[in-house]
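Working notes, structure below.
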Amino acid sequence: MLDRIGVGAIDDLFDEIPKALRIDALEGVPDALPEMDVARLAGARAAADGLPLNFIGAGAYEHHIPAPVWALVTRGEIYSAYTPYQAEASQGTLQIMYEYQSMIAGLNAMDVSNASLYEGASALAEACLMAVRAHRRSKSARILMPATVNPAWRQVARAITEGQGLKLEAVPYDAATGRIDPKSLEQFAGEDITAIVVPQPNFFGQLEDADALTRWARANGALIIAAVNPVSLALLAPPGEWGDGGADIACGDAQPFGVPLSSGGPYVGFMACRMEHVRQMPGRIAGRTVDTEGTPGFTLTLQAREQHIRRAKATSNICTNQGLLVTAATIAMAMLGPEGARRIASASMTNTRKLCDKLCAIPGIAPLFARTFFHETAVSLPRAAHEVVERLAHDNIVAGFALGEEYPEFENALLVCATETKTDADLDRFARALAHALT
Amino acid sequence: MSSYPADLRYTKSHEWLRTLQDGTIEVGITDHAQQALGDLVFVEVPEAGRHLAAGDACAVVESVKAASDVYSPIAGEVTSGNPKLATEPELINRDPYGAGWIMRLKPAGGAATETLDAKAYEAVAAAGG
C-alpha cells in the first residue's frame, strides 16, 4: 500500500508532526501478542474477578440483562461502536439513536436528548461546559458541585473543565442527612453562579431535595444540571418536573439499562435538555423527517453545532457516540417498558431496605443517615470498612464501597446496594458473612 | 443577482452598516452572504448591553449545513439584537437589508474595521471573497 500511495515508510506519514512532539515508545504498553495468547490472558483476567455475590453500586449497577439484548446487539447490521460517516445510509442505526433519544427524553421529562456520550462522568463534564455556553448572562463560569456528587465524576469533570476556565466549587453536605441542605446555598446568594449540579439520588444513595435546590437556582439566576440514575426515574420525579420549571440539563449513565458491569466499562453517558438550550448541546442528534417523496426517514440534525461544520467553535469535540452501548440500552429499555422499569426500580429499592434492616440488626452496625434513600445506602460499621470489604472478598462477596476512600470522615462507613438481582437468601448470606467478619 | 444599496457601508467579512437617525448603527449581513449560506435555520443575536470591540464575533448565522460568525465592524454597546430572528431566521434571506437586520449598537469610538462603499464591496463579492 505504501508503494501505491507513493510513501517510502510508515513513519513518513507522520512527517507533519514535529519530531519533538513524538513519543517513540509508550511506557507500560507491551509488545503485540498472538490471538491465542491474548485470549488466554484476557480469560485469566476475567476469571480473576470470579463470580462474586455483588453488593457494590457506587455509580455502576448490576441489573438483570435479558438474553435478547446482547443477542440482538451483536447482529452484524448494528455491531459497531460508531456513527456511520454517511449517516443517512444507515437508517437502522439512526432509528435506534432516535428511539434511544426519545426514551431518554421521556424518562427525564426533557425536550430533547443527544445520541449519547462516553459515560456518566464525561457527560457531567460536558453538561458543565454546556451550561457555561448556554447561560449567556453569567460571566463567572462558576459551577456549584456538591460533595454528594459521585467523586469519580467530580474528578473527571474537573480534569475536563478546569483547563477551559470553569470553576467547580464544592457545596458541603449535612452530615446527619447525607444530603445538601438547601439553606447552605445561601452563602452564594446574590453572586454570579452559572449552574448548580443536583445529583439524584446522590452518591450516598440519598434523595436530595431536588425541588428546593431547583427553586433556589432559579431564584438566583443559575442553571440546573441534574445528574441522575435513569432507573430511578421510573419512580422519582424526573428532572424536567423539579421545582418551578424543572432542570435545564439532565445527564447520567445509562449503564443500568442493559450494559454489564464489565470491571468498569465501557458504559454510556446520556444527556438531555430543554429545547431552548439544544444548540449548545454537544454530540450527535438523530431526527425524524421525510424525504423528497414524503417517505418518513431518519437523519442527523442540528449538525451546525458540530466540529465538522463549526470547526474550532463547535459545542464540543465529542462527535462520536457510544453506538453499541446505546443499542443495548435502547433494546433493554424497549423490553422493559415503563412498567418493567418501575418493577426493577421498586424491587431494587425494596431489596436495599431489606438489606439495610438485616445489616443493622447486627450489633455495632447502624444506618449512617436518615432513611431517605433509593436503592443504595450507607451503614456504619464498628471498624474500618475497607478491612471488612477485604475480609468478605474471601467469602466471594463484594461487600460494597468503603466510603473512607473518598470521604475520610466516614472511615467506618460502607455503601451497599441490592438490586432486583438479589434474593432473600443472598441478603441473608451477606448478613451472616458480615456478622462473622465482625466477631 | 445580489443587490448592494448605495446608502450602506460594507465590510470584507460581509456585514453591512447603516447609521440610523439617532446615531446608532444597524448591522446585518449582505445579500451575497445570505445567498452563500443558503436557507438560514437559526440566528443567535447578541444581548442588549453587551460591549463589543471592533472585530468581535457578535452573532451566529446557521444554515442546514454551515454556520458562520458575524463580526462587529465597530466598537460599541449593543442596544438591541433583532428579536424577530429567534423565530424567523428566514427574514435574513428574504430581506437582508431591512427586516433581517441583526443588531443595533451605540458606537463607542476608537478603532473600526475598514469599511467599503457599495461599489467596492460588490467587487469583493464578485471576486468570491
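FYI, it's all coordinate maths here, none of it is from the lab. Predicted model only: the values in this text are computed from it and were never measured. Glycine gets a Cβ as well: all are built from the backbone with ideal geometry, and neighbour counts include every protein chain shown.
A few remarks follow.
- Translational diffusion of segment B:31-88, estimated by Stokes-Einstein from the Kirkwood radius over alpha carbon pairs at 37 °C in a medium of 0.692 mPa s, is 273 µm² per second.
- When A:Arg142, A:Arg311 are sorted by how many other C-beta atoms sit within 10 angstrom of their C-beta, beginning with the fewest, the order is A:Arg311, A:Arg142.
- Histogrammed with a bin width of 5 Å, the alpha carbon distances of segment B:9-126 distribute as 2, 13, 24, 26, 20, 11, 3, 0 percent, first bin at zero.
- Distance between modelled label sites at A:Gln164 and A:Tyr79, nm, 7 Å Cα→Cβ extension: 3.5 nm
- Per the Debye calculation on segment A:68-330 with a single equal scatterer at every Cα and no solvent contribution, log₁₀ I(q)/I(0) for q = 0.08, 0.10, 0.14, 0.17 Å⁻¹ amounts to -0.31, -0.48, -0.92, -1.31.
- Antiparallel DSSP beta bridges within segment A:72-227, as percent of all bridges there, nearest 5: 10 percent
- Distance from segment B:7-55 to segment A:84-124 (C-alpha centre basis), Å: 36 Å
- Value of [θ]222 nm, deg cm²/dmol, for the protein assembly as shown, DSSP H segments ≥ 4, -39500 (n - 2.57) each, nearest 500: -9000 deg cm²/dmol
- Using a cutoff of 8 angstrom between alpha carbon atoms and counting only pairs six or more residues apart, the relative contact order for chain A works out to 21 percent.
- Segments A:189-196, B:109-116, B:46-53, A:280-287 sorted - mean Cβ within 10 Å per residue, highest first: A:280-287, A:189-196, B:46-53, B:109-116
- According to the Kirkwood relation over distinct C-alpha pairs, the hydrodynamic radius of segment A:228-363 is 17.8 Å.
- Computed from the Kirkwood radius of its Cα pairs, the Stokes-Einstein diffusion coefficient for the protein assembly as shown at 4 °C and 1.567 mPa s stands at 48 µm²/s.
- Euclidean distance between Cα centres, segment A:394-410 to segment A:227-255, Å: 27 Å
- With viscosity 0.890 mPa s and temperature 25 °C, the Kirkwood radius over alpha carbon pairs of segment B:1-63 converts through Stokes-Einstein to a diffusion coefficient of 187 µm²/s.
- DSSP-assigned coil residues among GluC sites (Glu not before Pro) in segment A:1-108, each with at most 10 further Cβ atoms within 10 Å: A:Glu16, A:Glu27, A:Glu77
- Alpha-carbon centroid distance for the pair segment A:33-62 / segment A:363-389, whole angstrom: 27 Å
- Test item: B:40-47 mean partner chain Cβ contacts at 10 Å: 2
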